[in-house]
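For reference, the structure discussed in these notes is given below.
The values are calculated or read from the model by the stated rules, or taken from the named source; none is laboratory data. Since we're looking at a predicted model, the values are computed, not measured. Note that each Cβ is placed from the backbone with ideal geometry, even for glycine, and that neighbours are counted across all protein chains shown. For the accessible areas, the whole protein counts, side chains as well, though only heavy atoms, and no ligand, DNA or RNA atoms are used. Shrake-Rupley method; radii C 1.70, N 1.55, O 1.52, S 1.80 Å.
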Amino acid sequence: MSSDFTYDVVIVGLGAMGSAAAFELSRRGLRVLGLDRYTPPHAFGSSHGETRIIREAYFEHPIYVPLVQRAFELWRNLERESGTTLLRETGGLMIGRPDSELVEGACRSAELHGLQHSLFSSAEVRERFPALQPDDDMIAVWEPRAGILLPESCVTAFLSRARHHGAQLRFDEPVRHWEADDHVRVYTSVGEYRTRQLIITAGAWVSALLPGLALPFRIERQVLHWFGPAQFSGDFAPDRCPIHLWQFDGRQFFYGFPDLGTGVKAGFHHGGEAATADAVRRLVTPAEVDAVRAVLRRFLPGADGPLRTSVVCLYTNTQDEHFWIDHHPRHAQVLIASPCSGHGFKFAPVIGEILADLMQNKRPRFDMELFRQR
Ligand SMILES: Cc1cc2nc3c(=O)[nH]c(=O)nc-3n(C[C@H](O)[C@H](O)[C@H](O)COP(=O)(O)OP(=O)(O)OC[C@H]3O[C@@H](n4cnc5c(N)ncnc54)[C@H](O)[C@@H]3O)c2cc1C
């Protein structure tokens, strides 16, 4: 038991953000201890489900573009260092009415940052990508660089490289609580650890580790579905079907992936029920499957085949849906970095780099204004 050993940094939670931070901090030579309540990658938090979208023409805000550009570089570095394939570029389509938040926002980011992109009419989308059937009054922003990350492989690669760089990683060891004065003491199911600094990347469990702070995080249940294509399955191959996001009927968002061999994956973005990490309803009802089917029938009719599987996942939302990456309001040696409102995975390596900079009192090279406590 290492109760006398002082670490430079203890990281609570080794999902996307924590594993990335463990990798980056250990790579920089810090003494790192990473703790997780399960054995990551696992299917109880927010970083499972085979695929994640990465895209550059960021509709949510142009401030994310330099971050995602750095993330692309870092994912490729991690691929080289780990000898694993993690990212597949398929291109991406953001589809909606011309005045939708999705289309307008993607165009704004693309224009402001000079990103390669094109606008397609609904007919052009149907012709180029026959799997996708937008309404006549929709258009699409096409960006060639978007693609797919493999989240379980990404977390595994971060953790194995962190270990290689000397990080100690302990799984199935939940952190119960922590205390801070001139250093930090972390209490787990097994014992106590002393560290100079602490990073809390506990995903949907984050609030439980921050008692006394009424932080405005909202956990949202989201369901992912895989369907066997009903017809024209070649249309869903990755070279014929890019990743796609849709805004329809006002503010409803939906996304989908090509078939990587396990079926066509699709789901709603937001609109899920409020949940807690420990008591979330894991069972998926036929009505939830029907709701996705209705959208498939309308926009991807060839994907409306047999349901293969459905999986529940969790968003940790902030009020404005921007990230929260900041020091604890009362303890400067504690950083909080999980709430990413359902769009954080693609940024994991750059968030790992930002956390490492903040731990080393270096100014991150990015504009962090949107991500501060608010
Ligand atoms: C359905 C779905 C689809 C998504 N799609 C995309 C997408 O396409 N593109 C994109 O960029 N993002 C996407 N996201 C968002 C992205 O996946 C998340 O922002 C990201 O995975 C969150 O990572 P995390 O490290 O904060 O949380 P997690 O990966 O959940 O990690 C938190 C870890 O903390 C551990 N933990 C919790 N409490 C304790 C404790 N007390 N002691 C020890 N360990 C603890 C947990 O076991 C867990 O391993 C999606 C999310 C979901 C749910």
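Net charge near HIS327: determine it from the other residues with C-beta under 15 Å of the C-beta of HIS327, scoring Lys and Arg +1 and Asp and Glu -1.
+3
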Worksheet entry | Full-stretch length increase - GLU111, SER189 - with 0.36 nm per residue and alpha-carbon distance subtracted | 23.0 nm
Fill in: the chain - accessible surface per residue (Å², probe 1.4 Å)
40 Å²
Practice prompt. Would you pull out the residues with amide H under 5 Å of THR309's amide H, same chain only if 5 or more places away, H placed 1.01 Å from N?
Written response: TRP226
Item to complete: With everything on Cα atoms, drop me the angle between helix 348-359 and the longest principal axis of the chain, reported from 0 to 90° to the nearest 10.
Response: 30 degrees
Item to complete: Could you tell me what percent of the accessible area of the range 251-374 is made up of carbon and sulfur, with a 1.4 Å probe and every protein chain present?
Response: 51 percent
Discussion item. Output wanted: per-residue J couplings in Hz (rounded whole) for the range 252-260, from phi through Karplus 6.51 cos²θ - 1.76 cosθ + 1.60, θ = phi - 60°, x for Gly and Pro.
Written reply: 8, 10, 8, 9, x, 10, x, 7, 9
Response to the item:
Candidate cut points under trypsin sites (Lys or Arg not before Pro) in the range 250-304, DSSP loop plus at most 13 other Cβ atoms within 10 Å of their own Cβ, are ARG251, ARG281, ARG282
Worksheet item: If you plug each phi of the range 174-182 into the Karplus form 6.51 cos²θ - 1.76 cosθ + 1.60 with θ = phi - 60°, what whole-Hz ³J(HN,Hα) values come out, in order, with x for Gly and Pro?
Response: x, 7, 8, 6, 8, 9, 10, 9, 6
Item to complete: With a point put 7 Å past each Cα toward its Cβ, work out how far ARG218 is from ASP99 in nm, to one decimal.
Response: 2.6 nm
Practice prompt. Determine which residues of the range 117-151 fall in the zone a paramagnetic label at ALA237 would reach in this model, i.e. backbone nitrogen under 14 Å from the point 7 Å along Cα→Cβ.
Written response: 130-131
Discussion item. Just to confirm my numbers, what's the Cα centroid distance between the range 309-333 and the range 280-302 in Å?
Written reply: 26 Å
Item to complete: For the range 17-108, give the percent of accessible area contributed by carbon and sulfur heavy atoms, probe 1.4 Å, rounded to a whole number.
Response: 47 percent
Worksheet entry | Electrostatic dipole magnitude of the chain [Cβ: Lys, Arg +1; Asp, Glu -1; Cα centre; debye, to 20] | 800 debye
Worksheet entry | Coarse-grained scattering of the chain at q = 0.07, 0.09, 0.10 Å⁻¹, given as base-10 log I(q)/I(0) from a Debye sum over alpha-carbon atoms | -0.30, -0.50, -0.62
Worksheet item: In whole Å, what is the distance between the alpha-carbon centres of the range 147-196 and the range 22-48?
Response: 5 Å
Worksheet entry | Calculated from backbone phi, Karplus (6.51, -1.76, 1.60) coupling profile of the range 190-207 in Hz, x at Gly/Pro | 10, x, 10, 10, 10, 8, 6, 9, 9, 10, 10, 10, 9, x, 5, 9, 4, 5
Fill in: For ALA230, residues with placed amide H under 5 Å, excluding near neighbours
ALA303, ASP304, GLY305
Worksheet entry | Normalised contact order of the range 253-371, rounded percent, pairs of Cα under 8 Å and 6 or more residues apart | 16 percent
Discussion item. On a full-extension model of 0.36 nm per residue, what is the gain between ASP181 and HIS331, subtracting their alpha-carbon distance, rounded to one decimal in nm?
Written reply: 53.2 nm
